[in-house]
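K.L.:
For reference, the structure I am asking about is given below.
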Protein chains: 2
Amino acid sequence: MNTRAHIIQLADTLIRDKGYNAFSYHDIAKTIGIKPASIHYHFPVKSNLGVAVIEKQIDRLFAVIEKYKSKSAVERLDKFLSIYTAIQKDNKICLVGSLATDFNTLDEQVREKLKTFSELMLDWVSDFLEEGRSTELFEFEGSSRTKAIMIVTNMLAIVQLSRLTNEQDFDTVKNSIKQDLIKK
Amino acid sequence: MNTRAHIIQLADTLIRDKGYNAFSYHDIAKTIGIKPASIHYHFPVKSNLGVAVIEKQIDRLFAVIEKYKSKSAVERLDKFLSIYTAIQKDNKICLVGSLATDFNTLDEQVREKLKTFSELMLDWVSDFLEEGRSTELFEFEGSSRTKAIMIVTNMLAIVQLSRLTNEQDFDTVKNSIKQDLIKK
DNA sequence: AGATATATATCTATTAGTAGGTAGGCAAAT
DNA sequence: ATTTGCCTACCTACTAATAGATATATATCT
């Protein structure tokens, strides 16, 4: 892997493991095997790296959205849930949740990029919920955006909360979302 | 207010504003008007302060639980929601959410205290949900603990997420929880 | 009552370490 | 010959934490 991509990947992992303000260029440098100052060649200031991490996640979500474009609403829901399942298995948390916690310490550019990412995610979830309801796969009351927020907040928070309680709580939430949504 | 209590209160606010790793003894010292070293007299190491912050929140929640002991399940739900409403209005986040994000950087003592706090909160919510269902005020499927987790994750995450989206999303979630729960 | 001891709460000064960031050099690839 | 990608060396600022001095109460003993 090229160094730049490697730095982004490690930063992403560190942010979702320890939080934005708890990782340093040193952490990344020692893992890659270069000097901290060399990271500055690729990302002059830390917020540049923060923005790059979010941009990469946006790209990845875009790719998922494209890939699942013509799949059923249930398949798209399962894909959404599987993304968080992977996060939870890795003892990490969602990027949005991590950076939202540190929001008041972030640069304007990082904040704006983060807003773009969260909107993209909410729009995607709203879309497949709406479609699932119109095809009578799903059943729920209120707007699809409201339901999307309810589901996204469940997943965003359970990856955080299950660090304190236990792993099973994650499955409980996942199953509860599906059971609540799928038309009987 | 005595200095010790003042320090705890400021630390609590800072943790829920910027996160545990983004606040320093200096931040607290300059607000109170004493020197950073003086904070060490009250809390030798930072984790001592972290534990004290959680302990104070546990005490406050205990007081709420006691006060609302004999009130209706609906009143207790409203009280629970109002706690998060106050947090959101203040542009802060929930202590559990903030420290869960930084969990992998925390001392064992802080982690354990945090677990105690989250258990207390989940037990309280489970209790009034269960009682609300048995008195036919609430309607929901599955165990009361599962429902408690769903509701707590909604609130924990929406105070974080609404920093990125907009304030109305908070009210949307709050209303959605009540509407979903209250028996028609 | 007066002297003495103790506890409380702060200060100044310092340490060791880490943070993000900059300047300038150098070797290899293009 | 220039760009790329890294290096060494450095800087400033901040971090948590410690040591030791000081001032002021408060309690205890004679």
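K.L.:
Please give the per residue accessible area of chain B, computed with a probe of 1.4 Å over protein heavy atoms only, in Å².
P.N.:
On the way: 8230 Å² over 184 residues.
Computed with neighbouring chains in place, this is 45 Å² per residue.
K.L.:
While we're on this one: Counting only protein heavy atoms, what percent of the accessible surface of chain A is carbon or sulfur at a 1.4 Å probe?
P.N.:
49 percent
K.L.:
Indicate the residues belonging to the stretch B:18-54 that lose 30 Å² or more of solvent-accessible heavy-atom surface (probe 1.4 Å) upon moving from the chain alone to the assembly of all protein chains, ignoring ligands and nucleic acids.
P.N.:
B:18, B:21
K.L.:
So what's the gap between the Cα centers of the stretch A:139-176 and the stretch A:60-135, to the nearest angstrom?
P.N.:
Between the Cα centre of the stretch A:139-176 and that of the stretch A:60-135, the gap is 13 Å.
K.L.:
Quick one: grab the alpha carbon gyration tensor of the stretch A:47-181, order the square roots of its eigenvalues as a ≥ b ≥ c, and give me rounded if a/c is under 1.5, else prolate or oblate depending on whether a/b is larger than b/c. The partial results should precede the final answer.
P.N.:
Numbers: a/c = 1.87, a/b = 1.31, b/c = 1.42.
Oblate, because a/c is 1.5 or more while a/b does not exceed b/c.
K.L.:
While we're looking at this one, here's another question. Looking at the stretch B:117-173, which GluC sites (Glu not before Pro) are DSSP coil and have at most 14 other C-beta atoms within 10 Å of their C-beta?
P.N.:
B:136, B:139, B:141, B:167
K.L.:
Here is a follow-up. Placing unit charges on C-beta atoms (Lys and Arg positive, Asp and Glu negative, everything else neutral), compute the dipole magnitude of chain A about its Cα centre in debye, rounded to 20. Don't jump to the answer; show the numbers that get you there.
P.N.:
Numbers: 26 positive and 25 negative charges, 92 e Å.
I would put it at about 440 debye.
K.L.:
Continuing with this model, one more query. Probe radius 1.4 Å, ligands and nucleic acids left out: can you give me the accessible area buried at the B-A interface, summed over both chains, in Å² to the nearest hundred? Please report the intermediate quantities before stating the final value.
P.N.:
On the way: alone 9990 and 10000 Å², together 16470 Å².
Chain pair B/A: roughly 3500 Å² of buried accessible area.
K.L.:
I've got another one for you. Taking Cα atoms, how many degrees apart are the long axis of helix A:108-134 and the longest axis of chain A, rounded to 10 and kept between 0 and 90?
P.N.:
Compared with the principal axis, the helix lies near 20 degrees.
K.L.:
Kirkwood hydrodynamic radius (Cα pairs, Å) of the protein assembly as shown?
P.N.:
On the way: mean 1/r = 0.0463 Å⁻¹.
Here the Kirkwood hydrodynamic radius works out to 21.6 Å.
K.L.:
Would you calculate a helix-derived [θ] at 222 nm for chain A, using -39,500 (n - 2.57) for each DSSP H run of n ≥ 4 and dividing by the full residue count, to the nearest 500? All intermediate terms of the calculation are to be shown ahead of the outcome.
P.N.:
On the way: 9 runs with 136 residues, N = 184.
After summing the helix terms and dividing by residue count, I get -24000 deg cm²/dmol.
K.L.:
How many nanometers, to one decimal and shortest first, lie between the label point of residue B:183 and those of its other copies, if labels sit 7 Å from Cα toward Cβ?
P.N.:
Those label-point separations list as 2.9 nm.
K.L.:
Starting from 0 in steps of 10 Å, tell me what percent of the Cα-Cα pairs of the stretch B:51-111 lands in each bin.
P.N.:
Result, from short to long distances: 19, 42, 31, 8 percent.
K.L.:
Average partner chain C-beta neighbours within 10 Å, per residue of A:100-111?
P.N.:
Numbers: counts 12, 16, 7, 8, 10, 6, 1, 0, 0, 0, 0, 2.
Partner-chain Cβ atoms within 10 Å, mean over residues of A:100-111: 5.
K.L.:
Relative to the longest principal Cα axis of chain B, at what angle does helix B:144-161 sit, 0 to 90 degrees, rounded to 10?
P.N.:
Approximately 50 degrees, to the nearest 10.
K.L.:
Taking the label point as lying 7 angstrom from Cα along the Cα-to-Cβ axis, what are the distances from residue B:131 to the corresponding position in the remaining copies, in ascending order and in nanometres?
P.N.:
4.6
The values are calculated or read from the model by the stated rules, or taken from the named source; none is laboratory data. Note that the coordinates shown come from a computational prediction; the quantities given were computed from them, not determined experimentally. Cβ coordinates were reconstructed from backbone atoms using ideal geometry, including for glycine residues, and neighbour counts include every protein chain displayed. Only protein heavy atoms, including side chains, enter the accessible area calculation; ligands, DNA and RNA are left aside. Shrake-Rupley method; radii C 1.70, N 1.55, O 1.52, S 1.80 Å.
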